[in-house]
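Have a look at the structure below, then the notes.
Coordinate-derived values only; no laboratory data. In this text, all values refer to a predicted model and were calculated from it rather than measured experimentally. Methodologically, a virtual Cβ is constructed for each residue, glycine included, from the backbone with ideal geometry; neighbour enumeration extends over all protein chains shown.
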Amino acid sequence: MTDLDNYYLSFLPKSTTAISSIGNKVPAIMIYSYHNVMKGFAARLTASQVKEMEKKPGFVSAQKQSILSLQTTHSPSFLGLQPNMGLWKNSHYGKGVIIGVIDSGILPDHPSFSDVGMPPPPAKWKGVCEPNFKCNNKLIGARSFPQLDNNSPIDKTGHGTHTASTAAGAFVKGANVYGNSNGTAVGVAPLAHIAMYKLCNDGRCDESDILAAMDVAIDDGVDILSISLGDEDLRPFHNDTVAIGAYRAMERGILVSCAAGNAGPSSSSVRNTAPWILTVGASTVDRKIKVTVKLGNREEFEGESIYSPKISILRFFTLFNAGKNCEPGSLTDPALRGKIVICQAGGGAPNVGKGQAVKDVGGVGMIVINKKEDGVTKSADVHVLPALDVSATDGSKILAYINSTSNPIAMITFPGTIIGDKNAPIVASFSSRGPSKVSQGILKPDIIGPGVNILAASPTSVDDNKNTKATFNIESGTSMSCPHLSGVAALLKSAHPDWSPAAIKSAMMTTADTLNLANSPILDERLLRADVYAIGAGHVNPSRATDPGLIYDTPFEDYEPYFCGLNYTNQQIRKFLQREVNCLEVKSIPEAQLNYPSFSIRLESTPQTYTRIVTNVGDAISSYKVEIASPKGVFIKVEPSKLNFSQLNQKLTFKVIFFKTTNSSGIVVEGYLKWMSYRHSVRSPIAIEL
């Protein structure tokens with residue numbers, strides 16, 4: 001035990017027990033002592049014990065713990081990653097990079113975590129594998145929090161196994177679910193090492209455990225932290241566990257990639273929005289696991305499902321509109337037997353649970369009508385009977401057909417895996433949207449990546465295949481897009497070991513795609529042009545990110561004036577900087593002045609000027625000209641309009657001046673600023689609230 005640990009212990013009340021609000025004796029117990037993420041500790045205390053502790057000299061503050069929640073055969077190919085060429089070749093598949101995954105645990109003997117062909121971990125690695133847990137040169141560390149006798153890094157929910165294999169899973173041939181999406185499963189950085197920090201049990205993620213996991217991961221020597229969880233409550237950064245831990249990680253050269261949240265398409269629903277975090281939204285890939293329903297009037301509608309019948313029954317069945325969510329136990333009408341039942345999305349049960357309810361009463365199939373806000377986003381669920389989900393628009397047509405005839409019938413068919421959706425990527429309906437309420441001057445999310453119907457490792461067989469350890473599942477969420485970007489970050493770190501977290505983040509953002517496979521603007525779930533609050537800088541393009549030309553690096557010293565500009569108190573800022581701060585002696589900056597690869601400002605009649613610094617990481621001798629797409633009602637001037645570099649790592653400064661040219665107000669307009677050389681295009685999105 002260190003002197004710091006003893007100092008923390010001195011704050012605990014001398015009385016070892018106190019009476020809780022329900023009359024029980026509760027011991028004052030220290031749970032964690034933090035050394036990296038913050039100066040402080042986590043303890044189990046009653047309200048009266050906290051009051052006793054507040055009287056002690058040196059006490060700063062205490063806050064109640066919050067609970068956070070957990071938020072591929074084809075996706076690497078969709079991202080342009082190909083064996084023995086391009087970024088995979090140049091980065092040696094992420095060799096030597098360590099990705100720390102903070103999640104629900106991992107199944108160590110899954111083939112995705114085989115260490116065949118893997119080198120030993122780098123010499124800097126200090127992590128451990130808990131006793132009686134099987135690690136190797138791929139899975140080099142596994143810890144569980146809290147560290148209790150009955151706790152283990154073994155994954156009980158499948159979430160952590162799925163995300164870890166997405167980021168850095170090994171090549172596994174013959175991966176599929178019910179024969180769908182059959183191919184070779186592989187993570188984005190297949191030669192990167194994985195360290196699992198398990199902390200979520202039954203979907204509950206205690207913030208004291210999160211801080212402890214991040215604290216240990218920093219000491220262990222990870223290069224990337226992948227965190228697919230988020231707080232349902234919006235809190236300022238100084239009260240945000242992940243933001244505080246991520247700041248300390250960033251100072252140690254660790255990039256932190258986080259899920260943007262699954263509360264879309266609601267405005268300002270984005271989470272994990274600190275500027276030192278890579279905030280990742282979700283989008284589709286060009287693969288569908290297609291299921292079709294054909295009505296008696298010959299109309300056909302498309303959905304997705306992982307269910308695959310052993311024998312295809314090409315016949316029509318009567319349609320029955322249950323008119324409800326089909327919660328388990330809610331279907332009792334014997335008239336449902338032998339029919340295809342129509343259910344509404346939502347309620348307390350997932351779609352698979354609805355299907356089980358239909359099957360239990362003798363239904364032969366199910367059509368789930370999604371909510372209007374889901375648009376064209378569909379879920380390929382592992383159903384227990386022939387089933388699919390359809391959009392609200394298609395669902396209304398199916399219901400109209402039922403009401404138009406005395407004998408409504410339908411047939412469900414399974415075309416299976418289809419590749420080539422030219423509209424991909426489409427922003428997922430659930431992907432949380434900006435603007436950030438915590439720091440509106442920072443555009444969030446930063447970027448989007450594959451997060452819809454992603455096939456990755458599973459600790460159990462969802463298709464009841466007991467003859468293999470190569471078990472997989474298909475899941476959706478920003479929890480799935482986050483590890484894709486963590487894997488890309490690992491590739492870039494391997495290719496450019498001297499790049500800072502901010503440099504890696506900038507490289508991904510300024511080279512992101514804003515067009516889909518049809519060469520049209522990326523669409524959202526409504527099949528309308530996705531706005532900047534949905535896609536951020538755009539969809540990740542790993543191959544371009546490895547050679548961005550210019551980067552926006554954010555020096556550590558910029559954060560102190562940034563915090564002061566947020567009007568945080570000196571005590572609140574001390575949580576991040578871990579030293580004395582006096583904002584009266586610091587020249588604060590507006591949020592949008594941070595050297596960030598995007599712009600998010602509120603513009604009124606007075607022109608606003610912001611400064612940016614770019615670093616040359618492309619061609620030593622190079623010249624860039626600015627290209628501006630001014631938002632409607634705004635004029636943008638850049639000085640200078642040309643940047644001439646004479647050497648690598650040279651830094652040049654430019655100013656961006658925004659002028660309002662309209663009387664309109666209360667609207668958001670967007671555009672971009674792009675630096676162009678003969679070989680590079682460096683794009684920064686712009687969001688302006690008028």
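Any idea what the relative contact order of the range 287-419 is, in percent, if you count C-alpha pairs under 8 Å spaced at least 6 apart? Can you show the working numbers first?
Details: 300 pairs, mean separation 47.9, N = 133.
That works out to 36 percent.
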Revision key, fill the gap. Cys in the chain lacking any partner Cβ under 4.7 Å -> 258, 482
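Contact order normalised by length for the range 594-689, with contacts defined as Cα pairs under 8 Å and 6 or more residues apart; what percent is it?
Values: 201 pairs, mean separation 36.2, N = 96.
Computed value for the range 594-689: 38 percent relative contact order.
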Study note, to complete from the structure: Filtered hits (aspartates and glutamates, Cα-Cα < 18 Å from residue 290, offset >= 8 within chain) -> 299, 300, 302, 304, 374, 381, 389, 394, 421, 463, 475, 525
Point to revise | Relative packing of 366-373, 277-284, 412-419, which averages over residues the other C-beta atoms within 10 Å, highest first | key: 277-284, 366-373, 412-419
Practice item. Show that you can apply the helix-only estimate: for the chain, add -39,500 (n - 2.57) for every DSSP H stretch of four or more residues, divide by all residues, and state [θ] at 222 nm to the nearest 500. Key: -5500 deg cm²/dmol
Check your understanding: If the limit is 31 Å between Cα atoms, which of 437/674; 422/651; 89/505 go over it?
Key -> 422/651
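Estimate the FRET efficiency between residue 44 and residue 384 by the formula 1/(1 + (r/R0)^6), using the beta-carbon distance for r and 45 Å for R0, to the nearest 0.05. Kindly include the intermediate steps, with their values, before the conclusion.
On the way: r = 42 Å, r/R0 = 0.94.
Computed FRET efficiency for residue 44 and residue 384: 0.60.
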Review point. If you stretched the chain out fully between residue 184 and residue 667, how much longer would it get, using 0.36 nm times the residue separation minus the C-alpha to C-alpha distance?
Key: 169.2 nm
Point to revise | Protection proxy ranking of 244-252, 656-664 - average other beta-carbon atoms within 10 Å, highest first | key: 244-252, 656-664
Practice item. Can you grab the distance from the C-alpha centre of the range 614-668 to the C-alpha centre of the range 134-161, Å, no decimals? Key: 47 Å
Check your understanding: What are the aspartates and glutamates whose alpha-carbon lies under 17 Å from the alpha-carbon of residue 95, with same-chain residues fewer than 8 places away excluded?
Key -> 115, 223, 498
Exercise for review: For each pair in 55/198; 156/444; 294/354, compute the distance between the two Cα atoms and list the pairs where it is over 26 Å.
Suggested key: 55/198; 156/444
Study note, to complete from the structure: One would report the Cα pair-distance distribution of the range 402-508, bin width 5 Å, in %, as 2, 8, 12, 13, 16, 14, 12, 8, 6, 4, 2, 1, 1, 0, 0
Check your understanding: For the chain, what size does the Cα cloud have along each of its three principal axes, sorted from largest down, in whole Å?
Key -> 79, 67, 54
Check your understanding: In what order do 128, 540 fall by count of nearby beta-carbon atoms within 10 Å, going from fewest to most?
Key -> 128, 540
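Just subtract the alpha-carbon distance of residue 109 and residue 605 from 0.36 nm times their residue separation and send over the number in nm, one decimal. Don't skip to the end; give the middle numbers.
On the way: separation 496, 0.36 × 496 = 178.56 nm, distance 6.20 nm.
Extra length available between residue 109 and residue 605 comes to 172.4 nm.
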Exercise for review: Whole Å is fine, so just give me how far the alpha carbon centre of the range 378-442 lies from that of the range 241-302.
Suggested key: 17 Å
**Study point:** R0 of 41 Å, Cβ-Cβ distance residue 360-residue 92: FRET efficiency to nearest 0.05
**Key:** 0.20
Review point. Given the Cα-Cα distance of residue 571 and residue 635 and 0.36 nm per residue of separation, how much length would full extension add, in nm?
Key: 19.1 nm
Exercise for review: Output the pairs from 324/371; 51/575; 637/660 with a Cα-Cα distance over 18 Å in this structure; if there are none, say none.
Suggested key: 51/575
Check your understanding: Got a sec to turn the phi values of the range 674-684 into Karplus ³J(HN,Hα) couplings, 6.51 cos²θ - 1.76 cosθ + 1.60 with θ = phi - 60°, whole Hz, x for Gly and Pro?
Key -> 9, 9, 10, 10, 5, 10, 10, 9, 10, 9, 10
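Please give the peptides 594-607, 90-103 ranked by average Cβ packing (other Cβ atoms within 10 Å per residue), highest first, as a rough proxy for protection.
Working: 594-607: 18.9, 90-103: 25.2.
Ranked by mean Cβ neighbours within 10 Å, highest first: 90-103, 594-607.
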Point to revise | Karplus-derived HN-Hα couplings along the range 338-350 (A = 6.51, B = -1.76, C = 1.60, θ = phi - 60°), whole Hz, x at Gly and Pro | key: x, 10, 8, 9, 9, 10, 8, 5, x, x, x, 9, x
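Between residue 681 and residue 519, what is the FRET efficiency for a Förster distance of 22 Å, r being their Cβ-Cβ separation, to the nearest 0.05? If you can, show how the numbers build up before the last one.
On the way: r = 15 Å, r/R0 = 0.70.
The formula returns an efficiency of 0.90 here.
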Check your understanding: Using θ = phi - 60° and the Karplus curve 6.51 cos²θ - 1.76 cosθ + 1.60, what whole-Hz ³J(HN,Hα) does each residue of the range 272-288 get, with Gly and Pro shown as x?
Key -> 6, 9, 4, x, 8, 10, 7, 9, 10, x, 10, 8, 8, 10, 8, 10, 10
Point to revise | Partner aspartates and glutamates for residue 625 [C-alpha distance under 12 Å; skip if fewer than 8 residues away on the same chain] | key: 639
